[in-house]
Amino acid sequence: MNVVALVIGGLIGTVMRYELGEIVPALSGGFPLAILTINLTGCLFLGWFFTVSWGHPAIRPEIRLGLGTGMTGAFTTFSTFSVQTVELIREGHGIIAVLYVLLSIVGGLLLTFAGVRLAKARVKKEGTGTA
């Protein structure tokens, strides 16, 4: 059942990444806004989802695996982030590359923390779970 959850989640995440990549326009100077948006959104969601679902009896482990590892893992992409950073440097856009790396790392951490805080606030308000 775990493999099925991973495959279904991975399929959904892959399609979401492709579609969002098609919708979000590239910025001047080659700044990879689509992948930044995808990765930051994934950080926010994963921080929120794992906090809400942790120890919640109604959320089965297969759902956590499918949505967390499968969908979010396929949706976000460290390898594309890395390749795009190298390409920016190779094309002489060193400052944009540094900005991209900083926004990705700092933004990712901040949005993960934000997701955790949102989940904790929701759990506290509803009086459910143990976030």
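Kindly indicate which of VAL83, VAL116 is closer than 17 Å to GLY47 by Cα and in a helix (DSSP H, G or I).
Working: VAL83 fails: closer than 17 Å to GLY47 by Cα.
One residue alone meets the criteria, VAL116.
Need pairs with beta-carbon distance below 8 Å; first residue more than 18 Å from LEU6 (Cα to Cα) and within the stretch 46-65, second buried (at least 17 other Cβ atoms within 10 Å of the Cβ) and of a type in the set (S, T, N, Q); sequence gap 6+ or separate chains.
GLY47/THR112
Quick one: in the stretch 21-40, of everything that is free of Cβ contacts under 8 Å to residues at least 40 places away in the same chain and under 15 Å from the mean Cα position of the chain (by Cα), which residue is surrounded by the most Cβ atoms within 10 Å (Cβ to Cβ)? Walk me through how you get there before you give the answer.
Narrowing the stretch 21-40 to residues free of Cβ contacts under 8 Å to residues at least 40 places away in the same chain: 21-28, 33-34, 37-38.
If we keep only those that are under 15 Å from the mean Cα position of the chain (by Cα) as well, we get 21, 33-34, 37-38.
Details: GLY21: 17, LEU33: 15, ALA34: 19, THR37: 14, ILE38: 23.
Filtering first and then ranking leaves ILE38.
Any residue at all in the stretch 50-59 that is more than 25 Å from VAL123 (Cα to Cα), assigned to a helix (DSSP H, G or I) and more than 12 Å from the chain's Cα centre (by Cα)?
First pass over the stretch 50-59, keeping only residues more than 25 Å from VAL123 (Cα to Cα): none.
Looking through the stretch 50-59, none of the residues is more than 25 Å from VAL123 (Cα to Cα), assigned to a helix (DSSP H, G or I) and more than 12 Å from the chain's Cα centre (by Cα).
Search the stretch 1-16 for residues being within 9 Å of LEU65 (Cβ to Cβ) and among the small types (Gly, Ala, Ser), and hand back the single one that is surrounded by the most Cβ atoms within 10 Å (Cβ to Cβ).
Only one residue fits best here, namely GLY9.
Considering each residue of the stretch 1-49, count those that are assigned to a loop (DSSP other than H, G, I, E, B) and among the β-branched types (Val, Ile, Thr), and give that number.
Residues of the stretch 1-49 that are assigned to a loop (DSSP other than H, G, I, E, B), as a first pass: 1, 24-27, 31-32.
In the following step, the residues that additionally are among the β-branched types (Val, Ile, Thr) were identified as 24.
Total satisfying the criteria: 1.
Where the second residue is among the acidic types (Asp, Glu) and assigned to a helix (DSSP H, G or I) and the first is without any contact (Cβ under 8 Å) to a residue 60 or more places away in the chain and lies in the stretch 74-100, which pairs have Cβ atoms under 9 Å and are six or more apart or on separate chains?
ALA97/GLU87
Each reported figure results from applying straightforward, stated rules to the coordinates on display, with no laboratory input. Since we're looking at a predicted model, the values are computed, not measured. Heads up, the Cβs are rebuilt from the backbone with ideal geometry, glycines too, and the neighbour counts pull from every protein chain shown.
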